[in-house]
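Undergrad: One structure coming up, written as structure tokens, with questions to follow.
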Amino acid sequence: MKGIVLKSAGKLYDVEYESGITRCVLKGNFKIKGIRSTNPVAVGDYVEFEFQNNSETGLITKIHERKNFILRKSTNLSKQTHIIAANIDFAVLMITIVKPITYTQFIDRYLAACEASRIKALLVFNKIDILNEEQSRKANALISIYQKAGYTCFSMSVKETINIDEFRAYIEGKAIVISGYSGVGKSSLINLLLSSKNLKVSEISNSHEQGKHTTTFTEMHKAGTGYIIDTPGIKGFGTVGIDKENLGDCFPELRLLKNECRYSNCTHTHEPDCAVKRALEAGEIDPGRYNNYLSILFDDATKYRQDNYE
Ligand code: GDP
Ligand code: ZN
């Protein structure tokens with residue numbers, strides 16, 4: 001029988017299939033080629049399983065090929081990785097202009113990580129209800145930069161339920177993961193999308209305007225015909241899977257121009273006759289995006305490991 005893994009707890013998996021949800025265990029020792037992972041089966045995996053001897057527990061016999069997945073390193077030292085979730089349709093990055101400020105370095109790094117993992121990213125600008133004129137202009141300017149780069153953007157207020165319906169329609173039937181700094185409104189949005197469930201929403205603490213962490217393990221919730229992957233954190237997501245030689249391919253607007261550069265392995269930095277630099281000078285590429293590209297290209301990765309994002 002075919003099912004989808006909704007939750008994993010130790011060696012036990014909750015698998016949804018045509019007749020409901022059943023508990024499953026893994027058969028033998030699964031190895032997935034190319035990945036040294038601490039968990040062979042992840043939330044979002046499509047699996048084959050069978051019931052044995054009238055047992056209520058299923059036995060997972062096969063894992064279907066993943067279209068994509070999110071990894072995190074188990075520790076900084078080990079090469080082992082942990083698969084947070086698989087088969088994600090949209091990685092939704094929730095951004096706020098205030099309370100808290102989301103920095104573009106973080107946004108661009110996250111987007112590049114999604115490109116490297118072949119996950120389509122969506123940008124959601126939340127808390128538009130509290131923006132003053134200048135902050136609204138800033139939000140709109142960012143939205144136009146990211147739309148121009150090729151990303152789908154939404155602006156909304158989860159609190160005042162503004163523009164929620166069009167977002168809900170867009171993600172209908174899809175498996176999504178919602179990321180962003182602590183306090184941007186992720187739990188509030190998930191609550192709204194899963195009207196029946198009640199995730200705990202934390203109050204913003206006075207000290208640094210950041211909400212407290214309330215999720216402790218990864219789980220996939222059914223929302224309409226789709227799924228929301230609720231994860232305690234994808235800290236380090238940005239540090240796994242980005243190969244600097246291919247970094248330009250992780251910025252869609254640079255990727256589109258690379259065939260026009262003189263050298264096929266152009267890094268768009270010092271090379272002559274570079275189409276990206278021409279586009280930059282012509283104002284066709286956002287200088288902020290380009291700078292963040294450079295900072296990922298040149299910066300020490302350890303700097304980003306300290307990024308404490310969810
Ligand atoms: P998380 O840490 O990203 O899960 O954020 P929460 O969902 O816990 O929200 C953090 C705080 O922001 C809570 O006090 C929410 O009520 C508040 N919040 C969430 N969405 C909005 C919004 O659209 N507008 C405003 N003004 N506050 C919001
Ligand atoms: Zn170039």
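Read-outs throughout are calculated quantities, based only on the coordinates presented, and are distinct from any laboratory measurement. In this text the structure is predicted, and so the values were computed from the model without any measurement. Ideal geometry is used to build each Cβ from the backbone, glycine not excepted, and the neighbour counts take in all protein chains shown.
Undergrad: Given the pairs Lys148/Lys258; Lys62/Lys120; Lys120/Lys186, which are separated by over 24 angstrom at their Cα positions?
TA: Beyond 24 Å between Cα atoms: Lys62/Lys120.
Undergrad: Which aspartates and glutamates does Lys277 reach when only Cα atoms under 16 Å apart count, and residues fewer than 8 places away in its own chain are ignored?
TA: Of all the aspartates and glutamates, those that pass the test against Lys277 - Cα under 16 Å, at least 8 places apart if same chain - are Asp249, Glu253, Glu260, Asp286.
Undergrad: Quick one: net charge of Gly58's neighbours, Cβ under 9 Å, K/R +1, D/E -1?
TA: With Lys, Arg at +1 and Asp, Glu at -1, the net is -1.
Undergrad: Can I ask one more? If you place +1 on the Cβ of every Lys and Arg, -1 on the Cβ of every Asp and Glu, and leave all else neutral, what size is the dipole of the range 2-65 about its Cα centre, to the nearest 20 Debye?
TA: 400 debye
Undergrad: Extending each Cα 7 Å along its Cβ direction at Glu133 and Ala9, get the distance between those two points in nm, one decimal.
TA: So the label points at Glu133 and Ala9 sit 5.4 nm apart.
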